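The values are calculated or read from the model by the stated rules, or taken from the named source; none is laboratory data. Quick caveat, the model's predicted, so the values are computed rather than measured. Virtual Cβ from ideal backbone geometry, glycine too; neighbours counted across all protein chains shown.
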Amino acid sequence: IAPLGSSFAQAQERVTKLTESGQDEVINASLKFLKEKAKLKAKTANGILGGAIATSTILGVPLGHNGSYHEGPTFAPPLVREAIWNASTNSTTEEGKNLVDPRVFADVGDIPIQDLRNLGISEDRLMNFVSDSVKIVMDHAPLRPLIVGGDHSITFPVVRAISEKLGGPVDILHFDAHPDIYENFDNNYYSHASPFARIMEGKYAKRLVQVGIRSINDAGRQQIEKYGVETHEMRNFAKDRDYLENLTLGTGEGVKGVYVSIDVDSLDPGFAPGVSHIESGGLSFRDILNILQNLKGNIVGGDVVEFNPILDVSNRMTSLVAAKLVRELAAKMSK
Ligand SMILES: NC(=[NH2+])NCCC[C@H](N)C(=O)O
Ligand SMILES: [Mn+2]
Ligand SMILES: [Mn+2]
């Protein structure tokens with residue numbers, strides 16, 4: 001091969017330009033693929049017995065590199081999908097909705113995060129691609145996005161997309177051991193420890209109600225104060241339970257709907273051991289369902305994130321726990 005030299009810089013310049021245009025081609029092809037799938041799922045939902053107002057639609061985002069300790073959530077979406085349909089259970093949710101009904105539940109697959117990273121895409125363009133993918137799902141009523149992560153960093157581009165699409169902020173119900181509101185963590189704008197700082201500074205949310213918090217420091221408390229976040233710490237859960245089990249969200253002036261974000265580590269590790277950040281003293285599964293099933297408000301989107309299959313136990317218990325969170329959130333959002 002030709003020796004390196006000053007021409008190497010020029011060659012690099014040429015390759016960069018070539019790469020960016022090539023990345024555009026791959027991005028556009030991926031969005032087109034997603035668009036065709038969403039079109040088909042929407043047509044199916046609309047074509048049956050009078051159609052639906054809201055069809056909960058799974059979109060997998062296999063992104064885990066914004067985790068601060070482990071990247072295992074990258075591999076979660078296919079395992080959550082398998083667990084949703086696991087033969088050990090059946091397709092009916094606790095309140096009687098059947099997930100085989102295409103008006104209730106749809107799935108438009110995963111977006112090619114790792115392919116795009118292999119092409120050297122920048123972090124901004126990657127997160128914009130996540131947002132654009134969510135907007136494509138929303139373009140095809142009655143589909144509503146139910147994101148399967150992936151680490152919690154993806155909630156920022158997802159909520160940004162929903163707020164931009166609906167033309168205003170949403171209210172958020174956020175289950176987590178962590179407030180995820182660091183201004184700057186590890187100098188990573190997109191850290192999974194910061195999505196709610198990005199969301200609140202961008203004014204994509206009006207009310208942010210956090211439940212299950214039990215790993216928080218001064219920096220987190222300052223941010224919560226700064227943005228007026230309604231943070232319910234586990235140490236106060238016994239007192240807060242009644243209020244949280246009778247929550248109404250999305251009714252404020254100009255608020256466009258409700259978003260529900262569930263970090264699997266909000267559950268006590270006894271219920272969900274397969275997470276990157278084990279934090280004892282957490283919620284029971286029933287605590288989450290009591291709050292979710294009693295929630296009043298128009299849910300326009302949601303996510304289940306931070307399940308780490310690499311750290312799951314031998315009978316894949318946490319994949320089934322994450323799957324049930326998806327199933328019950330899907331049932332709640334669909335109508
Ligand atoms: N979203 C999360 N899992 N955040 C965990 C952050 C842990 C980090 N070591 C801290 O100082 O808080
Ligand atoms: Mn989180
Ligand atoms: Mn967490």
Pair list, Cβ < 7 Å and 6+ apart or interchain, from region 137-153 residues that are within 10 Å of Thr55 (Cβ to Cβ) to residues that are at pLDDT below 95 and not polar (S, T, N, Q): Pro142/Gly51
From the options Glu82, Glu94, residue that is over 21 Å from the mean Cα position of the chain (by Cα), surrounded by fewer than 15 Cβ atoms within 10 Å (Cβ to Cβ), at pLDDT 95 or above and not hydrophobic (A, V, I, L, M, F, W, C): Glu94
Residue within region 218-236 that is over 23 Å from Gly297 (Cβ atoms) and touching an Asp or Glu at 6+ places or on another chain (Cβ under 6 Å) present: no
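Filter the strands (runs of 3 or more DSSP E) completely within region 222-333 down to those with at least 1 residues that are within 16 Å of ligand 3 (Cβ to nearest atom), surrounded by 21 or more Cβ atoms within 10 Å (Cβ to Cβ) and of a type in the set (A, V, I, L, M, F, W, C). I'd like the intermediate steps shown before the answer.
Details: elements: 230-233, 258-263, 299-305.
Per the criteria, 258-263, 299-305.
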Odd one out for Ile147, checked against (1) of a type outside the set (Ser, Thr, Tyr); (2) touching a strand residue (DSSP E or B) at 6+ places or on another chain (Cβ under 9 Å); (3) more than 16 Å from ligand 2 (Cβ to nearest atom): (3)
Residue match in region 187-194 (condition: among the polar types (S, T, N, Q), away from ligand 3 (no atom under 16 Å from the Cβ) and within 30 Å of Pro269 (Cα to Cα)): yes
Some residue of region 176-185 being over 14 Å from Val264 (Cα atoms), within 15 Å of ligand 2 (Cβ to nearest atom) and among the hydrophobic types (A, V, I, L, M, F, W, C): yes
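Table: residues versus (1) within 25 Å of Ala83 (Cβ to Cβ); (2) within 16 Å of ligand 1 (Cβ to nearest atom).
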{"position": "Arg241", "(1), (2)": "no, no"}
{"position": "Gly252", "(1), (2)": "no, no"}
{"position": "Val258", "(1), (2)": "no, no"}
{"position": "Gly270", "(1), (2)": "yes, no"}
{"position": "His277", "(1), (2)": "yes, yes"}
Hits in region 187-220 (condition: of a type in the set (A, V, I, L, M, F, W, C) and over 22 Å from Gly282 (Cβ atoms)): Ala197, Ile199, Met200, Ala205
